[in-house]
Protein chains: 2
Amino acid sequence: MSLSLRPSRADLTAALCPESIAIIGASDNPHKVGGRPLMYLSRFGFRGRVYPINPARDVVQGVRAYSELAAVPETPDLAIIAVSAAQAPDAVRACAAKGVKVAIVMAAGFGETTDPNGRLAEQQMVAEARQTGMRIVGPNSQGLANFGSGAVASFSTMFVEVAPADGPVAIVSQSGVMSVVPYGLLRERGIGVRHSHATGNEADVTLAELALAVLQDPEVRLLLLYIESIRDAAMLGRAADFAREREVPIVAVKSGRTTRGAQAARSHTGALASDDQVVEAFLRGHGIWRVSDMHGLVRTTELYLKDWRPRGRELVIVSNSGASGVMAADTAAELGLPLATISDTTRRALAAGLPDFASVANPIDITAALLTDSQLFGSLLPVLAREPAADLFLLALPVAGEGYDVAALTRDAAAFAAQTNKPVVVAAPQDSVAAWFRSAGLPTFANQTDAIAALAQLASHEGLRRRRPAPMSLALTVRLPAGASPLLNEADSLAFLENHGLPVVPYVLCLSADDARRAYARFGGAVAVKACSDQAPHKSDRGLVVLDVRSADDAAAAFTRLMTRLGDLKLGRDGIIVAPMIAARRELALGARIDPTFGPVVMVSDGGRYIEALPDRAVLLAPFDGDAARVAWQSLRIAPLFDGVRGEPPLDLEALCAATVRLGQIAAAGSGQLASLDLNPVMARAAGDGVVIVDALVERAVPQ
Amino acid sequence: MSLSLRPSRADLTAALCPESIAIIGASDNPHKVGGRPLMYLSRFGFRGRVYPINPARDVVQGVRAYSELAAVPETPDLAIIAVSAAQAPDAVRACAAKGVKVAIVMAAGFGETTDPNGRLAEQQMVAEARQTGMRIVGPNSQGLANFGSGAVASFSTMFVEVAPADGPVAIVSQSGVMSVVPYGLLRERGIGVRHSHATGNEADVTLAELALAVLQDPEVRLLLLYIESIRDAAMLGRAADFAREREVPIVAVKSGRTTRGAQAARSHTGALASDDQVVEAFLRGHGIWRVSDMHGLVRTTELYLKDWRPRGRELVIVSNSGASGVMAADTAAELGLPLATISDTTRRALAAGLPDFASVANPIDITAALLTDSQLFGSLLPVLAREPAADLFLLALPVAGEGYDVAALTRDAAAFAAQTNKPVVVAAPQDSVAAWFRSAGLPTFANQTDAIAALAQLASHEGLRRRRPAPMSLALTVRLPAGASPLLNEADSLAFLENHGLPVVPYVLCLSADDARRAYARFGGAVAVKACSDQAPHKSDRGLVVLDVRSADDAAAAFTRLMTRLGDLKLGRDGIIVAPMIAARRELALGARIDPTFGPVVMVSDGGRYIEALPDRAVLLAPFDGDAARVAWQSLRIAPLFDGVRGEPPLDLEALCAATVRLGQIAAAGSGQLASLDLNPVMARAAGDGVVIVDALVERAVPQ
């Protein structure tokens, strides 16, 4: 196996395919943390050299042991540190001194606790390892297991519970348990797993690095991740991009998606909480399919391993039960799979072979007639195989067995799958029936809802995987006005946006009542008069805005009132702004901020008074293109308004998307200088009339 | 067994506990539709008399047979008609002539098809049966199976696949397959099923009747329903009320919940589609828990059969995996189960028994330390059993087995469950581990998400079951004004509502421009001027409303304009209405209609221009009380506004609920006279200021 295709930050070959392994704290008892890896290395065919370290024994589990690492006759590639938390730092020091490339620290009681001593000890171990270039996996790691190389450096009991078999699946997890539960579920279904790695506290080596490393293993065809905290988004993005290139799907649980879950994650591995909408956008943007639990992680495995790449989402349901078809139609609708409209040609051909009371509309209901005539399947499926409208097939057999020729049904279904080369799954709650279809290599589910969910995941994930990431736009240079205040006042904020290509309302910054009069004269009609101060965000709530001013006198009066009010509030007085009132079909909002983990994040949102109380928003990670912006806007609850309802004209979604893309470019190009941009309201007008940003607040980045 | 407690429309004892059964079309081949029931009756211990009818044989499956029904020496209680669709009508006629009490028609090809001959034949069979008082189950019925009496009058193959055992569960289904799939899933888990009945086309006997009948069986402790169409809501309501009295929970799949699913149901059993929100309200109102698929139907069975009645929703999660705890916390949050805040006393006691790196906050993370010390469970659980904040417990063991003392863990968990007497479920993906806990009688799930979903269902269903239905209010008499027009004009609509106790805007119906002037003088300020015609609903869209009129002259001008416009539109001219503009904190809407299946239905909704395009509404079935109205309003997306946000005062939810209840009373009392009532907008003002109905449209029922 070669890991040399794309070296990660440091080469983790020594972790995954070591030629020699030392086990510090090796135990003669194969049921102990220090004994189990030794047992696994011999049992699972590791062909390199193994050096048990145990000061009290010459031989451990039949292997010659050494009293200390220094006494080992070569420099091991990998060291398993299976001693207590108290002894681990010394062991790390010894490994670094010996020149070990990677050390796995298994003991818990470090950075995952609230104990400052534990945290400090963890940092010191990493610091000492860095001096010699040694990498540390853990602490608090259950270990790494590569069933391709036999390097099973793990103390999990799962590999005793369920025998391993090498195969195309790789699992990388921040949790020990979640590195092996998917392994167990897959192995019980007869699927081979090559990699099962747990990173633990990630004091040094991260999940993203290990993900990139296992993706360089050409045998890996599916990568499963369990994530509590994305620490190095850029590295995970690289791994995902490489997976896309290699056409390896990635499925991930990212837990802590609720507030309470995020709290629990913090107390589990000290995970940092990120805004879950941002996490979601990151994963989707990188073509990673997100699931919510351990069963979800493995549900679709067989479909991925078939290399089915559905070209659409149109489902055909075939069942011997009308009820099953009805429930499947409900589930499909809820999961966004339309039912294919079967062509007349196909319908006629189907009707010829089915009893009168059967239904040849989709869902196709063979009815209980299948019991008396098992040939129905065989005459119907070849017809369906040629149906051009179908992208996905569900064969649902809620009842079969006794009296049915299940062998023939299985043969017909397998021939059908081979003929169509489109995804075909079987739902059969009776395991005796399911076993037939499984043995014929068809993905088979006890639960029909799971079967449809798997098809929906395959089709949706295919959509994500096909979407090319938007290229980073480099043309823009961002220049903020000089100044020390963390916020730009409204005039500077609007000018900044305008200078960088966004459509803002015309305005005049007035420094006197006469200025206000002249500004009114310039715009006429109805104007807004707003205090301008780099210390005054949230102007409306503080009485710093006068709307619908309709004369020069009133504008001058408003000037005076607002300047006084700024003084009363002891806020800097940069003047007041006069701007025309802009009529909008809908008030919307845009925002951007630089996320410490994920970089520039853009928020698209419905606007108005209840923007916080009744949120309706979506996020985008820059860079993104107009299509992505459109998808984000169309995902809002208010999306129907974009098309126009009740005789209203459609909104200018094109201009809105252009502004959204521009904001993403500004945020990306200005990452070092900007902390956030708040554009609210953004006045959306009828198609062709554009959008107008009426108020804005730009926040500088705090210099590091 | 006695079914005499509460007789249903006609007594179905003969169907469930017959003393004698004839099988028309009895076959010697036990794998045929006419052979299987005979085999079942002998195999499953039916102790009554059985009369195979077969013109060609003297003995069928070893039982003396008769050439025709007329030759049978007694009148059988029940007849199984297992002949073809063509022969079924004759068989029905023969049964009626013989005096049979109930006939089960198994053949398909009747009302479930689009063939008018089939539909007609079905109607004729029912008509002939009615002449002698015979009841018909089916046609297109798989049959009825009562494992208590041994009366297994079904041709399902499932009872061969999975051996029956009598027990506390009853299944009544409109689908044959769905009468036996839950049976199979439950039997495989060792749970006894007494009733498994399929109603088929329900030409006569309905699911609701059979539900009521099986509920009269004192052995039944849980009722599972599969419904495609609720045909007799009142009977199902009676059954549900009786189940509530008997404390028997009902869980139902009501399929066809999406448009596509409803279409599929129509082509399956000719099911009528009902607005799914109304179905949902009906089921909830009757304490029936709705699930979405066959696995959902059986998921929570063990918990119900424990007779656990949780008093709250506060969950405690205990796991040997932090990741498992994090995912459980996410799932719990999404399912609306708060995590219990563990008391300090309990925490201290827990901390004393756990390693430092374990977490005693909820989720409680025992960590992998459980592997080396299986006693941790036993020392921790008795402490938790005394925790007053806990209502529900999840014990999650994603990894155990080899190296763990699973026997001891099981003992400790079982003792804990006995001690707390609160719901305790176990999640264990390894079946070898799960088997231990199952054998100790603990509800055990492979999938942790399922385990939490079962707890959430139990707790939520308990909430529904505890809610007493609102008593029918009888005091109200509804009087509609005389007239023939299907719609009341706005003046009459408002007057009708006011006369029946609802708060409406003051208004004047004007028949001249001078009337309009006087009306303006009466109200002053800003008024609305609206055309009044019983032919003019949707006034705003047709230019028949002038808002914000601020002088008597303008009111007079508006009068003239609107009367002209009514004339131009060729609409009846009942005058114009002048009414003061009412300021609202929020425009809402209320509606009511008489549903042909479910009776009076009230809709509560956010208001405004986009009421259709961006729906935010809930429905209530009358009668309901103020608490139910509050729950409905609080279920809307705009619910945060009721409490007041951004410094706004709260809305007058009390007045809103009172109006909602009143509307329900009017709709219920006026069911024969009213078709619908549309109150839009309903102006919600600050708490204490009430609500005002500003426009209304009352629609008369079309006389039958």
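The values are calculated or read from the model by the stated rules, or taken from the named source; none is laboratory data. What you see is a predicted model; the values in this text were computed from it and never measured. So basically every Cβ, Gly included, is an ideal-geometry build from the backbone, and we count neighbours across all protein chains shown. Heads up: the accessible areas ignore ligands, DNA and RNA and are worked out on the full protein's heavy atoms, side chains in. Shrake-Rupley method; radii C 1.70, N 1.55, O 1.52, S 1.80 Å.
By its C-alpha gyration tensor, with a ≥ b ≥ c as the square roots of the eigenvalues, how is region A:541-627 shaped: rounded for a/c under 1.5, else prolate for a/b larger than b/c, else oblate?
Because a/c hits 1.5 or more and a/b exceeds b/c, region A:541-627 counts as prolate.
Roughly how big is the A-B contact, given as buried accessible area in Å² (both sides, 1.4 Å probe, nearest 100)?
Its buried surface, counting both partners, is about 6700 Å².
Counting partner chain Cβ atoms within 10 Å of every residue's Cβ in B:614-621, what's the average? The partial results should precede the final answer.
Working: counts 8, 1, 2, 0, 0, 0, 0, 0.
Mean partner-chain Cβ count within 10 Å for B:614-621: 1.
Just to be sure I follow: if Rg is taken over the C-alpha atoms of the protein assembly as shown and Rh is the Kirkwood radius over the same atoms, what is Rg/Rh?
Taking Rg over the Kirkwood Rh, I get 1.00.
For region A:341-430, evaluate the Debye formula with one uniform point scatterer on each Cα (no solvent term) and list log10 I(q)/I(0) at q = 0.15, 0.21 Å⁻¹, rounded to two decimals.
So the normalised log intensities work out to -0.52, -1.08.
Restricting to chain B, what percent of DSSP beta bridges are antiparallel, rounded to 5?
Close to 50 percent.
So what's the angle, to the nearest 10 degrees on a 0 to 90 scale, between helix B:375-385 and the longest Cα principal axis of chain B?
The helix B:375-385 is inclined about 40 degrees to chain B.
For A:GLY45, place a label point 7 Å out from Cα along the Cα→Cβ vector, do the same in each other copy, and report the separations in nm, one decimal, smallest first.
Copy-to-copy label distances for A:GLY45: 5.4 nm.
List, shortest first and in nm to one decimal, how far the label point of A:ASP11 (7 Å from Cα along Cα→Cβ) is from its counterparts in the other copies.
Distances between equivalent label points, in nm: 9.0.
How charged is the neighbourhood of B:ASP307? Take every other residue with its Cβ under 14 Å from the Cβ of B:ASP307, and add Lys/Arg as +1 and Asp/Glu as -1.
It works out to a net charge of +4.
Which of A:ALA413, A:ALA333, A:ALA358 sits closest to the plus end of the dipole of region A:328-413, meaning its Cα is farthest towards the positive end, when Lys and Arg get +1 and Asp and Glu get -1 on the C-beta?
A:ALA413
Using amide H atoms built 1.01 Å from N in the peptide plane, name the residues 5+ places from A:ALA252, or on other chains, whose amide H lies under 5 Å from its own.
For A:ALA252, the qualifying residues are A:LEU225, A:TRP289, A:ARG290, A:VAL291.
Give me the angle, in degrees from 0 to 90, between the Cα long axis of helix A:88-98 and the longest principal axis of the Cα atoms of chain A, rounded to the nearest 10.
Helix A:88-98 sits roughly 80 degrees off the main axis of chain A.
How many Å² of accessible area per residue for region A:45-139, probe 1.4 Å?
Per residue, region A:45-139 has 46 Å² of solvent-accessible surface.
Can you list residues from other chains, or at least 5 along the same chain, whose modelled amide H is less than 5 Å from the amide H of A:ALA153?
Counting only residues 5 or more places away or on other chains, the set is A:LEU144, A:ALA145, A:ASN146.
Could you work out what % of the accessible surface of the protein assembly as shown is carbon and sulfur, using a 1.4 angstrom probe and leaving DNA, RNA and ligands out of the count?
Carbon and sulfur together cover 50 percent of it.
Based on the mean of other Cβ atoms within 10 Å per residue, sort peptides B:256-266, B:679-689 so the most packed one is first.
On the way: B:256-266: 22.6, B:679-689: 19.9.
Output ranking for B:256-266, B:679-689: B:256-266, B:679-689.
Could you derive backbone 3J(HN,Hα) for region A:338-350 from the dihedral phi with the Karplus parameters 6.51, -1.76 and 1.60 (θ = phi - 60°), listing whole Hz in sequence and x where the residue is Gly or Pro?
Listing the rounded values in order: x, 7, 4, 8, 6, 5, 4, 4, 5, 4, 4, 5, 5 Hz.
Would you check chain A for Lys pairs whose C-alpha atoms are within less than 20 Å, ignoring same-chain pairs closer than 8 in sequence, and give me the count?
So the count of such lysine pairs works out to 4.
Counting just the Cα atoms, what span does region B:1-133 cover along each of its three principal axes? Round to the nearest Å and put the largest first.
Ordered largest first, region B:1-133 gives principal extents of 40, 40, 25 Å.
Could you work out, residue by residue across A:177-188, how many beta carbons of other chains sit within 10 Å of that residue's beta carbon, and then give the average as an integer?
That works out to 4 on average.
Quick one: which bits of region B:640-660 get at least 50 Å² less accessible when the partner protein chains are in, versus the chain alone, with a 1.4 Å probe?
Correct list: B:ARG646, B:GLU648.
Explain nothing, just compute: Karplus ³J(HN,Hα) = 6.51 cos²θ - 1.76 cosθ + 1.60, θ = phi - 60°, for every residue of region B:580-591 in order, whole Hz, x for Gly and Pro.
x, 5, 10, 7, 10, 6, 8, 8, 10, 8, 10, x
Non-local amide H neighbours of B:ASP595 (under 5 Å, H modeled in plane, Pro and chain starts lacking H): which ones?
B:VAL601
Which residue is it, in chain A, whose C-beta lies closest to the A-to-B rotation axis, and what is that distance in whole Å?
Looking at chain A's Cβ atoms against the axis toward B, the nearest is A:ARG637, 4.
I need the shape label for chain A. Rule: rounded when a/c is under 1.5, else prolate if a/b > b/c, else oblate, with a, b, c from the alpha carbon gyration tensor.
Details: a/c = 3.08, a/b = 1.27, b/c = 2.43.
Note, shape of chain A comes out oblate.
Give the angle, between 0 and 90 degrees and rounded to the nearest 10, that separates the Cα long axis of helix B:490-499 from the longest principal axis of the Cα atoms of chain B.
70 degrees
Along the charge dipole of region B:114-195, which of B:GLN174, B:HIS195, B:VAL126 sits closest to the positive end, that is, farthest toward it, with unit charges on the beta carbon of Lys, Arg, Asp and Glu (+1, +1, -1, -1)?
B:HIS195
If you filter region B:574-613 for trypsin sites (Lys or Arg not before Pro), then keep DSSP loop positions with at most 14 other Cβ within 10 Å, what is left?
Numbers: sites: B:ARG585, B:ARG586, B:ARG593, B:ARG609; in loops: B:ARG585, B:ARG609.
Answer in residue order: B:ARG609.
Tell me the mean residue ellipticity at 222 nm calculated for chain B from its helices only (DSSP H runs of n ≥ 4, each -39500 (n - 2.57), averaged over every residue, nearest 500).
Rounded to the nearest 500, it is -11000 deg cm²/dmol.
Find the relative contact order for chain A and round it to a whole percent, using C-alpha pairs within less than 8 Å whose residues are 6+ positions apart.
Relative contact order comes out at 8 percent.
Quick one: with label points 7 Å out along Cα→Cβ, list the inter-copy distances for A:ALA163 in nm, shortest first?
Label point to label point, same position, other copies: 3.1 nm.
Distance between Cα centroids, region A:206-221 to region A:629-648: provide it in whole Å.
40 Å
Principal axis lengths of region B:136-190 from Cα atoms, whole Å, largest first?
32, 21, 19
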